[in-house]
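In what follows, a structure is listed as structure tokens, so that the remarks can point back to it.
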Amino acid sequence: MKRILSRAKLGLSETLFAAAAALSKRPEVNPMQAEKTKGRIYEFEMLSIDGKPVKLSKYKGHALLIVNTASLCGFTPQYTDLEALHQKYKDKGLRIAAFPANEFGAQEPGSDADIKSFCLTKFALSFDLYSKISVKGPGIHPLYKFLTTEAGFNGDIPWNFSKYLVNKEGLVVARFGPDANPAGKEIESKVEATLA
């Protein structure tokens, strides 16, 4: 059952919704930009939700959906759709990496242990969860600095559950706004094209 959330319920302004909608319609990366950024995503090392170092090079040869998440957001039910997307395409090579962040409405206040417990208990997630990071502002993590300034779909993250799709060669090929349903046609069709 699809859940429709109103702007008022989410507490988001018209500007944020306009920004999110615009992000989902951005053009693909131009060829010159692609050559400069291909494979750069694999240079980053992150911490898993359990505090263990993980090199993003583990995703080489896979399509990867990167999502900044939060436990207390109006978009949090997207965890269900992200898990469904993961289950549908994992055997074809899709991986999902969730990066909790607390920049938007302080909607991810808990510790990594709290976040892991919430995600496993409430949503039974099986895709990769990472340690909480900053995705915007002065303390922005280098991964998100790259995604928002160099990957070809530039611009600040507007809210929780913004999404980047990376192809098998490590090139960011699409960016989707927070309101883009992970199990909807827009994302699924792009995932299928990336896996083909």
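Structure summary
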quantity	calculated
Proportion of all alpha-carbon pairs of region 10-195 beyond 22 Å (%)	41
Convex hull per residue volume in Å³, alpha carbons only, for region 116-196	121
Region 89-123 residues near the modelled Asp50 label - backbone nitrogen below 20 Å, point 7 Å along Cα→Cβ	95-100, 111-123
Sites Lys60 and Ala106 - FRET efficiency at Förster radius 30 Å, r taken between beta-carbons, to 0.05	0.30
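Rule-based calculations on the coordinates, nothing more; no lab input. The shown structure was predicted, so the numbers you read here are calculated from the model rather than taken from an experiment. No Cβ is skipped: glycine too gets one built from the backbone with ideal geometry, and neighbour counts run over all protein chains shown.
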